[in-house]
Amino acid sequence: YIMIATLASTISGLVGYLFGHFLWDLVGNWVVPHIISTGTFDRLSAHMVQYENWAIFFGALIPFPLKALSLVGGVFQLGIFPFITFLAAARLLRFALIGGLMAIWGEKVRIFVDKHFHRIFMVLGAKVAVAILFFWVLAR
């Protein structure tokens, strides 16, 4: 089941990547001034150029919307094979952690994860975000 979930999630991310890659030229000139400021877009661009596929990896690992993440990968035209590799590795790790816990502790973990899934990954995501922010501030 872990491999099936990883494959389906990676294919879904690839579809988002392709939309971002091929449709940005049509909608980009409208999106930047109306939905996101030019300055914010430029900063996002700089970060994507600097961190590239690691941003995809950590974004796919934490509870960040996969479609938004994959669209960004396509918009910034990250290499498709590294994109797929980092995305699949992160999703495999995420699903393996959940599957491994369920294999060890069974029904108790399933009930706990079902009840607290978003909270667990929000806390983990917040920790990763704080660490990234910390290192970003140090790099400035």
Condition check for L87: closer than 23 Å to T10 by Cα and open to solvent by 50 Å² or more (accessible area, probe 1.4 Å) | no
Using the structure shown, decide if S37 is within 25 Å of A129 (Cβ to Cβ) and open to solvent by 40 Å² or more (accessible area, probe 1.4 Å).
-> yes
For residues in segment 66-84 being open to solvent by less than 50 Å² (accessible area, probe 1.4 Å) and touching a Gly at 6+ places or on another chain (Cβ under 7 Å), which is nearest to L14 (Cα to Cα)?
-> S70
Answer with yes or no whether H116 is more than 22 Å from W136 (Cα to Cα), open to solvent by less than 90 Å² (accessible area, probe 1.4 Å) and not polar (S, T, N, Q).
-> yes
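The values are calculated or read from the model by the stated rules, or taken from the named source; none is laboratory data. Just so we're clear, the structure is a prediction, and the values are computed from it rather than from any experiment. For neighbour counting, all protein chains shown are included, and Cβ atoms are generated from backbone atoms with ideal geometry for every residue, glycine included. Calculation scope for accessible area: heavy atoms of the full protein, side chains included, ligands and nucleic acids excluded. Shrake-Rupley method; radii C 1.70, N 1.55, O 1.52, S 1.80 Å.
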